[in-house]
Amino acid sequence: MATPHVAGIAALIAQELPSARGIQLYHELRRRVRRLRFPRADVGNGLGEAI
């Protein structure tokens, strides 16, 4: 279920930053992830939030 949520957040970021596409959008998405205190093997890169 993470994929549709992350795709939605990426769409919101793309709407906010119209010039961000491809790798730029990917880096912006990764920058906005909130890190969690658990191993990355268990939770991935963290928690993506649509704020």
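The values are calculated or read from the model by the stated rules, or taken from the named source; none is laboratory data. Model, not experiment: these values are computed from the prediction. Here the Cβ positions follow ideal geometry from the backbone for every residue, glycine too, while neighbour counts run over all protein chains shown.
Cβ-Cβ distances below 6 Å connect the following pairs, each with a first residue in segment 28-45 that is within 15 Å of Ile13 (Cβ to Cβ), a second residue that is among the polar types (S, T, N, Q), and a separation of six or more residues or different chains: Val33/Asn45.
For Pro18, the criteria (1) surrounded by 10 or more Cβ atoms within 10 Å (Cβ to Cβ); (2) at pLDDT 90 or above hold in every case but one, which is (1). Residues in segment 21-51 that are in a helix (DSSP H, G or I) and surrounded by fewer than 10 Cβ atoms within 10 Å (Cβ to Cβ): Ile23, Arg31, Ala41, Asp42.
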